[in-house]
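A quick write-up on the structure given underneath.
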Amino acid sequence: MSTGPGADSAPAPSPTTMFSSLKIRNYRLFAIGQVVSNTGTWMQRIAQDWLVLTLTGSASAVGITIALQFLPMLLFGLYGGVLADRLPKRGLLLATQSAMGATGAALAVLTLTGHVEVWHVYLTAFLLGMVTVVDNPARQSFVSEMVGPDQLGNAVSLNSANFQSARLVGPAVAGVLITAVGSGYAFLFNGLSFLAPIAGLLLMRDSELHKVERAPRGKGQLREGLRYVSTHPELIWPIILVGFIGTFGFNFPIWLSAFVDDVYHSGAGTYGLLNTLMAAGSLAGALLAARRGTSRLRFLVGAAVMFGLLETVAAFAPGFWIFALMMVPIGMAGLTVNVTANSSVQMATEPAMRGRVMSLFMMVFVGGTPLGAPVFGWITDTYGPRIGFAAGGLISLLAALGIGVMLARAGGLRLKVDLRPGHKHLEFVPRERLATAA
């Protein structure tokens with residue numbers, strides 16, 4: 001007999017396969033809604049960046065737009081996690097998804113009527129960021145309520161695959177729309193696309209959700225979340241790593257738009273192509289992560305090292321097609337970092353703390369953008385796209401190596417170097433084992 005609402009009807013947890021989470025009805029409704037709204041979101045991102053570049057001719061202005069969108073996460077992200085732990089996540093998501101659709105519709109009206117100005121884009125980006133403060137931790141932590149702990153890692157990976165599938169379609173469609181009729185219709189599609197996740201949330205069966213005890217209203221919950229993370233090395237170091245990657249390594253709207261405009265002297269279609277190629281690599285990375293089902297911290301560090309190295313090399317690619325094709329492995333490595341860190345942090349966190357922990361995760365991952373985007377916009381404008389891109393990759397690489405060392409120390413590991421044929425040349429092993437071997 002079931003022990004309570006949300007218990008699985010099967011007597012034993014189903015095995016994890018690449019798409020196993022989609023067998024769960026509530027998650028399937030969620031995923032369908034998200035792929036539609038994610039497509040609209042990517043269309044708006046491309047249209048927004050290109051509109052700002054068209055209106056101003058400045059990569060710095062694109063950086064300011066991105067900064068305004070993510071600044072609220074930096075300032076208020078932790079409070080969003082407190083709300084996500086206190087309130088019913090399904091109702092919270094209905095409110096946030098409706099508000100996000102409204103911002104897209106407002107920008108569409110301004111653009112299609114010919115009244116749009118740069119400050120309008122800045123304002124809507126900031127308002128969207130304010131809604132995201134609550135939407136992100138609620139959406140991230142709601143996944144566990146839909147699928148339960150056994151399928152959590154798979155569902156997190158499929159969420160990323162969902163997002164990247166939309167990223168394959170969105171930029172391509174946005175490029176066509178911008179070239180043919182302008183940015184306004186991309187904004188309109190984004191506003192209407194949020195009807196899909198709202199419908200999915202309304203159609204869910206509450207009895208099939210895995211109930212999580214909500215945090216009671218009280219003082220000190222923000223500090224409690226920070227103390228919880230600070231005492232768990234398996235949480236704090238992955239969060240710091242994604243903070244470095246998000247702040248310094250994920251400024252692609254600045255770099256790619258500048259490469260297209262200043263280096264390759266092309267238009268919106270080429271910008272959409274570069275984003276599509278990166279999305280193809282990201283989708284492959286997400287599907288491989290879903291198939292693995294487990295998240296190891298050493299794999300996270302390795303993916304972060306590869307990500308920083310690939311960015312640094314791509315910055316000096318001698319021709320367009322070499323640069324374009326390098327977007328595929330960069331997308332794969334970047335997505336692997338994100339998914340592996342996300343799932344490892346969620347699975348290492350107690351359910352009652354998950355909203356606050358994930359708000360901190362998202363705050364440092366996307367909240368660092370207001371700090372990094374204007375800086376790299378200025379570097380790109382002053383020293384050129386190649387120097388800006390290389391600087392972001394090099395900082396990401398050094399951060400990954402440094403945090404890899406800290407994680408090894410926290411886990412009582414040391415790097416073993418063995419140059420003998422037939423042996424692993426580089427391997428992390430327990431300190432005691434290394435001492436015995438010596």
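None of the figures in this text is laboratory data; all of them are computed from the coordinates on show. Nothing here was measured: the structure is a model prediction, and the numbers come from that model. Note that each Cβ is placed from the backbone with ideal geometry, even for glycine, and that neighbours are counted across all protein chains shown.
Please pull out the direction-averaged projected area of the range 322-373, using the convex hull of its alpha-carbon atoms, in nm² to one decimal place.
4.4 nm²
I'm a student and want to see the number: the projected area of the Cα convex hull of the range 312-406, averaged over all directions, in nm².
That works out to 7.3 nm², a quarter of the Cα hull's surface.
Considering every Cα-Cα pair within the range 147-256, what fraction, in whole percent, is farther apart than 22 Å?
Value for the range 147-256 (Cα pairs over 22 Å): 63 percent.
Just to be sure I follow the definition: excluding the sites themselves, where is the longest run in the chain that has none of the GluC sites (Glu not before Pro) in a DSSP loop with at most 15 other Cβ atoms within 10 Å?
In short, 214-438.
Rank the residues VAL134, VAL36 as a footprinting-exposure proxy: fewest other Cβ atoms within 10 Å of their Cβ go first.
Ascending Cβ contact count within 10 Å gives the list VAL36, VAL134.
What are the extents of the Cα atoms of the range 61-203 along their three principal axes, in Å, largest first?
Answer, in whole Å and largest first: 49, 31, 27 Å.
What number results when the radius of gyration of the chain, computed over Cα atoms, is divided by 2.2 N^0.38 Å?
Rg over 2.2 N^0.38 Å, computed on Cα atoms: 0.98.
How large is the helix-only mean residue ellipticity at 222 nm for the chain, computed as the sum of -39500 (n - 2.57) over DSSP H runs with n ≥ 4, divided by its residue count, in deg cm²/dmol to the nearest 500?
Computed mean residue ellipticity for the chain: -25000 deg cm²/dmol.
One-quarter of the Cα convex hull surface for the range 230-380, in nm²?
9.2 nm²
Return the Rg/Rh ratio of the range 125-191 with Cα-based radii and a Kirkwood Rh.
Here the Rg-to-Rh quotient is 1.10.
Compute the relative contact order of the chain as a whole-number percentage, counting only Cα pairs closer than 8 Å that sit 6 or more residues apart in sequence.
For the chain, the relative contact order is 27 percent.
Report the one residue of PHE259, ALA408, TRP119 whose Cα lies farthest in the direction of the positive end of the charge dipole of the chain (charges on C-beta: Lys and Arg +1, Asp and Glu -1; origin at the Cα centre).
ALA408
What does the charge add up to near THR96, with Lys and Arg as +1, Asp and Glu as -1, over the other residues with Cβ less than 14 Å from its Cβ?
+2
Return the Rg/Rh ratio of the range 278-360 with Cα-based radii and a Kirkwood Rh.
Computed over Cα atoms, the ratio is 1.08.
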